[in-house]
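Asks: Before anything else, here's the structure in question.
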Amino acid sequence: MNARQANPWAALGALCLGFFMILLDTTIVSIAIPTMLNKLNAGLNSVVWVISVYLLTYAVPMLFTSRLGDRFGPKRVFLAGLVVFTGASLWCGLSGNVEMLIAARAVQGLGAALMTPQTLAFITHLFPPAKRGPAMGMWGGVAGLATIAGPLLGGVLVDHLGWEWIFFVNVPIGVIAIVLTMMLVPDWQPKHAHAFDLLGIFLSSAALLCIVFGVQNGQQYDWGTVFGGITVFEIIGAGVVLMIAFLVWQRFNKREPLLPLQVFSNRNFSAGTLTATTVGFAMTGMFLPLVIYIQSVLGLSPTMGGLLTAPMSLLSGIIAPFVGRASDKVNGKYLVMFGLAALAAGLGIIALQATPDSNAWTFVPALLVCGLGIGCIFSPMSNLTMGSVEPRLAGTASGIFNTARQVGGVLGSAAIGVLLQARISASIADEATKAAAQLPAQYRAPFAEGIAHAAANTGEFGSAGGPAPMPGLPAEIAAQAGKLATQAVHSGLTDAARVTMLLPMGVLLLGVLSAAVLQRVKPRWETPAPAAEAAAA
């Protein structure tokens, strides 16, 4: 199909189906974490890697894959990504252990990296600047809905079919998306003969891998030696050095750098990209402490946990298209700033409300505030960031913009994961020491030590039941110790979740500051409609 024959809204609908599937998989795993801890006999750090490796292999290649779209055609690269993603989803569901699942998720992330840059590039091609607001609204609505709907669908699948089905569900969706893309999306060929920056790809990939590995595994290695005398901080430092080397190489690469730094001379693009990074950090990180708390402390099933967040998902999806249209008429930066502040406020209310015996449904108003915030972020942020980018840089800019959000997600997953693990160990140990004071003197030390040891292996807290009882206790003491242990675990997990939520809140406030720099600008470059392009040709 050529551009003259294409219906832009039908083409965008087909692309959004694939995009929905990608974003769904950034959050659908979160609701299954307690179940996966038990079924795969894995620790919290391993299961967090299931999230992080997907985001890592999603983010790192995206600057490269955006160039592939420019050279070989966005439709063809998008289709290749759909095939890889769908096949990897089947592999994920068939994985029998956490190591195999991590490998399959890495391949799944590569498929997502092939697909994502092509969606925004197609919006700039299919829609003239004056009509991009509603198109961005549709894209933003899909992004917000998919990112938040993951827990609801994931909960239903985990409860009724098993954790494997959070991946199997992608297979029929992927097949439908492949058929619709082949039928409805035009085979647009930018035909840009790009030179691929192989050194840049290596430096950026190695830098992010070292930083994420070091941050996420720091708690596991007690921030000490990992292997061969190499410490966690040395690995993180190596990542920072490699990242600096990458930026220096991009500055001096005179051919075609992976990250053309001149694009950051555009004020809106620079500010919007930083804002997108904070959004990715917060929206990926916020679910981990929330899910652990509502399932392991409050005892909600995965389905009920998903239902708890459903109003947030619904509100976000409803208002996003309206916000997209409004961003064409008002200064969109105020919408973005309001959305970021509202999301931070919603998380703050949840942190203030959370207690070991809270009624889960009292969190709905705070979650609605979060949903309102999310619905106000994506459309105007994308419109302001991409709206003033020169068309010839649209593919590259799209790749950078999406990469920034995903890098934020990678760092958010790693940082929230390590902070949550550290707080779980410390908080449960403190609560166990307090609870031990209610036992006879001879049982206090073994009780506190046993709970603290179990806290280091957070996989034991994948359900609301708490740790196993201490062996060899008299019956009357065993019953008391069991209750005290459960109370200590629940109080410790609650405290850990509350403290951990402060991190995404702080990052969102940084996002408010970066969004304040955005300007309302009229696009300086008018992109002709596809039909006009075809007629001119």
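The values are calculated or read from the model by the stated rules, or taken from the named source; none is laboratory data. Please read all numbers here as calculations on a predicted model, not as lab measurements. Cβ: placed from backbone, ideal geometry, glycine included. Neighbour counts: every protein chain shown.
Asks: Here's a check for you: in the range 305-346, which residue that is hydroxyl-bearing (Ser, Thr, Tyr) and at pLDDT 80 or above is surrounded by the most Cβ atoms within 10 Å (Cβ to Cβ)? Explain how you work it out, then say what you get.
Replies: From the range 305-346, those hydroxyl-bearing (Ser, Thr, Tyr) are 309, 313, 316, 327, 334; that's our starting set.
With at pLDDT 80 or above added as a condition, the list becomes 309, 316, 334.
Numbers: Thr309: 27, Ser316: 31, Tyr334: 16.
Among them, the one singled out is Ser316.
Asks: How many residues are modelled with pLDDT of 60 or more and either in a loop (DSSP other than H, G, I, E, B) or within 28 Å of Gln216 (Cα to Cα) (or both) when one looks only at the range 419-469? Please lay out each step first, then the result.
Replies: Going residue by residue through the range 419-469, those that are modelled with pLDDT of 60 or more are 419-456.
Checking which are either in a loop (DSSP other than H, G, I, E, B) or within 28 Å of Gln216 (Cα to Cα) (or both) leaves us with 419-433, 437-440, 448-456.
Looking only at that region, the number is 28.
Asks: Do we have Glu390 as farther than 30 Å from Gln480 by Cα, touching a residue at least 12 places away in the same chain (Cβ under 8 Å) and of a type in the set (Asp, Glu) here?
Replies: So Glu390 fits the description; yes.
Asks: What pairs come out if I take residues in the range 201-223 that are on the phi > 0 side of the Ramachandran plot and pair them with residues that are outside any helix (DSSP H, G or I) and surrounded by fewer than 21 Cβ atoms within 10 Å (Cβ to Cβ) whose C-beta lies under 8 Å away, six or more apart or interchain?
Replies: From residues that are on the phi > 0 side of the Ramachandran plot, the pairs are Trp223/Thr231.
Asks: Then there is this: Any residue that is of a type outside the set (Asp, Glu), closer than 29 Å to Ala177 by Cα and within 14 Å of the chain's Cα centre (by Cα) - is there at least one of those in the range 61-69? Spell out how you get there, then give the answer.
Replies: Just the residues of the range 61-69 that are of a type outside the set (Asp, Glu), to begin with: 61-69.
When the remaining residues are screened for being closer than 29 Å to Ala177 by Cα, the result is 61-69.
Now drop any that are not within 14 Å of the chain's Cα centre (by Cα), which leaves none.
No, the range 61-69 contains no residue that is of a type outside the set (Asp, Glu), closer than 29 Å to Ala177 by Cα and within 14 Å of the chain's Cα centre (by Cα).
Asks: Checking Ile235 against (1) aliphatic (A, V, I, L, M); (2) within 30 Å of Leu518 (Cβ to Cβ); (3) surrounded by 17 or more Cβ atoms within 10 Å (Cβ to Cβ), only one condition comes out false. Which one?
Replies: Looking at each condition in turn, Ile235 falls short on (2).
Asks: Considering only residues of the range 174-190 that are touching a Phe, Trp or Tyr at 6+ places or on another chain (Cβ under 8 Å) and in a helix (DSSP H, G or I), which is surrounded by the most Cβ atoms within 10 Å (Cβ to Cβ)?
Replies: The qualifying residue surrounded by the most Cβ atoms within 10 Å (Cβ to Cβ) is Gly174.
Asks: Restrict the check to the range 417-428 and report whether at least one residue is crowded, with 20+ Cβ neighbours inside 10 Å and more than 27 Å from Leu55 (Cβ to Cβ).
Replies: Scanning the range 417-428 turns up at least one residue that is crowded, with 20+ Cβ neighbours inside 10 Å and more than 27 Å from Leu55 (Cβ to Cβ).
Asks: Scan (1) surrounded by fewer than 21 Cβ atoms within 10 Å (Cβ to Cβ); (2) modelled with pLDDT under 90; (3) not small (Gly, Ala, Ser) for the single condition Ile349 breaks and write down its number.
Replies: It is condition (2) that Ile349 fails.
Asks: When you check Pro321 against the structure, is it over 21 Å from the mean Cα position of the chain (by Cα) and outside any helix (DSSP H, G or I), yes or no? Steps first, answer last, please.
Replies: On the way: over 21 Å from the mean Cα position of the chain (by Cα): yes; outside any helix (DSSP H, G or I): no.
So Pro321 fails the test.
Asks: So how many residues does the range 78-92 have that are within 20 Å of the chain's Cα centre (by Cα) and touching a residue at least 24 places away in the same chain (Cβ under 8 Å)? Spell out how you get there, then give the answer.
Replies: Start the filter on the range 78-92 by keeping residues that are within 20 Å of the chain's Cα centre (by Cα), which leaves 81-82, 84-86, 88-89, 92.
Keeping just the survivors that are touching a residue at least 24 places away in the same chain (Cβ under 8 Å) gives 81-82, 84-86, 89, 92.
The total comes to 7.
Asks: Would you be able to say whether some residue in the range 138-160 is without any contact (Cβ under 8 Å) to a residue 60 or more places away in the chain, over 24 Å from the mean Cα position of the chain (by Cα) and surrounded by fewer than 23 Cβ atoms within 10 Å (Cβ to Cβ)?
Replies: No, the range 138-160 has no match at all.
Asks: Among the residues in the range 143-157, are any out of contact with any helix residue (DSSP H, G or I) (no Cβ under 6 Å at 6 or more places or on another chain), farther than 30 Å from Gly332 by Cα and of a type outside the set (Ser, Thr, Tyr)? So that I can check it myself, show each step before the final result.
Replies: Within the range 143-157, the subset out of contact with any helix residue (DSSP H, G or I) (no Cβ under 6 Å at 6 or more places or on another chain) is 153.
Subset that is farther than 30 Å from Gly332 by Cα: 153.
From what is left, the residues that are of a type outside the set (Ser, Thr, Tyr) are 153.
Yes, there is a match, as at least one residue in the range 143-157 is out of contact with any helix residue (DSSP H, G or I) (no Cβ under 6 Å at 6 or more places or on another chain), farther than 30 Å from Gly332 by Cα and of a type outside the set (Ser, Thr, Tyr).
Yes/no per residue for (1) within 28 Å of Lys333 (Cβ to Cβ); (2) of a type in the set (A, V, I, L, M, F, W, C); (3) surrounded by fewer than 17 Cβ atoms within 10 Å (Cβ to Cβ):
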site: Tyr221; (1), (2), (3): no, no, yes
site: Ile230; (1), (2), (3): no, yes, yes
site: Trp249; (1), (2), (3): no, yes, no
site: Leu258; (1), (2), (3): no, yes, no
site: Asn266; (1), (2), (3): yes, no, no
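Asks: Output the residue which, of all residues in the range 268-285 that are within 30 Å of Ser30 (Cβ to Cβ) and of a type in the set (S, T, N, Q), is surrounded by the most Cβ atoms within 10 Å (Cβ to Cβ).
Replies: Among residues in the range 268-285 that are within 30 Å of Ser30 (Cβ to Cβ) and of a type in the set (S, T, N, Q), the one surrounded by the most Cβ atoms within 10 Å (Cβ to Cβ) is Thr275.
Asks: Now a separate question. Given Ile400, Ile416, which one is among the aliphatic types (A, V, I, L, M) and at pLDDT 85 or above?
Replies: On the way: Ile400 fails: at pLDDT 85 or above.
Result: Ile416 is the single residue among Ile400, Ile416 that is among the aliphatic types (A, V, I, L, M) and at pLDDT 85 or above.
Asks: Can you tell me which residue within the range 74-107, out of those that are over 21 Å from Leu393 (Cα atoms) and of a type in the set (Phe, Trp, Tyr), is surrounded by the most Cβ atoms within 10 Å (Cβ to Cβ)?
Replies: Looking at the filtered set, the residue picked out is Phe85.
Asks: Something else: What are the residues in the range 318-362 that are touching a residue at least 12 places away in the same chain (Cβ under 8 Å) and polar (S, T, N, Q), if any?
Replies: Those that are touching a residue at least 12 places away in the same chain (Cβ under 8 Å) and polar (S, T, N, Q): Ser327, Asn331, Gln353, Thr355, Ser358.
Asks: What is the number of the single condition among (1) among the hydroxyl-bearing types (Ser, Thr, Tyr); (2) closer than 30 Å to Arg132 by Cα; (3) at pLDDT 80 or above that Thr500 does not meet?
Replies: Failing condition for Thr500: (2).
Asks: Right, something else. Please verify whether Phe264 is under 18 Å from Ser398 (Cα atoms), in contact (Cβ under 8 Å) with a residue 24 or more places away in the chain and part of a helix (DSSP H, G or I), treating the condition exactly as stated.
Replies: Numbers: under 18 Å from Ser398 (Cα atoms): yes; in contact (Cβ under 8 Å) with a residue 24 or more places away in the chain: no; part of a helix (DSSP H, G or I): yes.
So Phe264 does not fit the description; no.
Asks: Now, a different point. Identify all residues within the range 59-73 that are part of a helix (DSSP H, G or I), out of contact with any Asp or Glu (no Cβ under 9 Å at 6 or more places or on another chain) and buried (at least 20 other Cβ atoms within 10 Å of the Cβ); write none if there are none.
Replies: Ala59, Met62, Thr65, Ser66, Leu68, Gly69, Asp70
Asks: Kindly list the number of the only condition in (1) of a type outside the set (Lys, Arg); (2) within 28 Å of Gly162 (Cα to Cα); (3) surrounded by fewer than 16 Cβ atoms within 10 Å (Cβ to Cβ) that fails for Pro302.
Replies: (3)
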